[in-house]
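Each remark here refers to the structure printed beneath this line.
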Amino acid sequence: MKVLRPFLWAIALVGVFLYITSVAHWNLGRLLQPVSSVGRLWSEPASAETAGFSADEQNNIGVYKNARDATVNITSTITREDWFFRVYQQEGAGSVSS
């Protein structure tokens, strides 16, 4: 039994290492977050309408109000390291619509 003990420890340690590294991408905050649809996140204060803006500023505000319900495309490039500490770039893309 004393001969098998180091091998059993090695197998247990490898198993624990594989388990920990395979669940590293879990996001517990996302799992614990309640599933609900979110309405408007921001609404302008009532005082903004009567702040005494010029006609040109009122026009710009109207354009921004009409364009706020739009789709935005997002692209990103990040640098990552693999297990052998080699650095590589990873690109991502997505869109957000409100």
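The values are calculated or read from the model by the stated rules, or taken from the named source; none is laboratory data. Just so we're clear, the structure is a prediction, and the values are computed from it rather than from any experiment. Heads up, the Cβs are rebuilt from the backbone with ideal geometry, glycines too, and the neighbour counts pull from every protein chain shown. With ligands, DNA and RNA removed, areas are computed over all heavy atoms of the protein, side chains included. Shrake-Rupley method; radii C 1.70, N 1.55, O 1.52, S 1.80 Å.
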Is it the case that segment 63-81 has a residue that's in a loop (DSSP other than H, G, I, E, B), polar (S, T, N, Q) and at pLDDT below 80? no
Within segment 1-32, tally of residues that are within 34 Å of the chain's Cα centre (by Cα), modelled with pLDDT of 85 or more and open to solvent by 100 Å² or more (accessible area, probe 1.4 Å): 1
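Answer with yes or no whether ASN60 is surrounded by 10 or more Cβ atoms within 10 Å (Cβ to Cβ) and farther than 30 Å from THR21 by Cα.
Details: surrounded by 10 or more Cβ atoms within 10 Å (Cβ to Cβ): yes; farther than 30 Å from THR21 by Cα: yes.
When the stated conditions are applied, ASN60 passes them.
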Tell me yes or no: at least one residue of segment 48-58 is at pLDDT below 70 and closer than 30 Å to SER95 by Cβ. yes
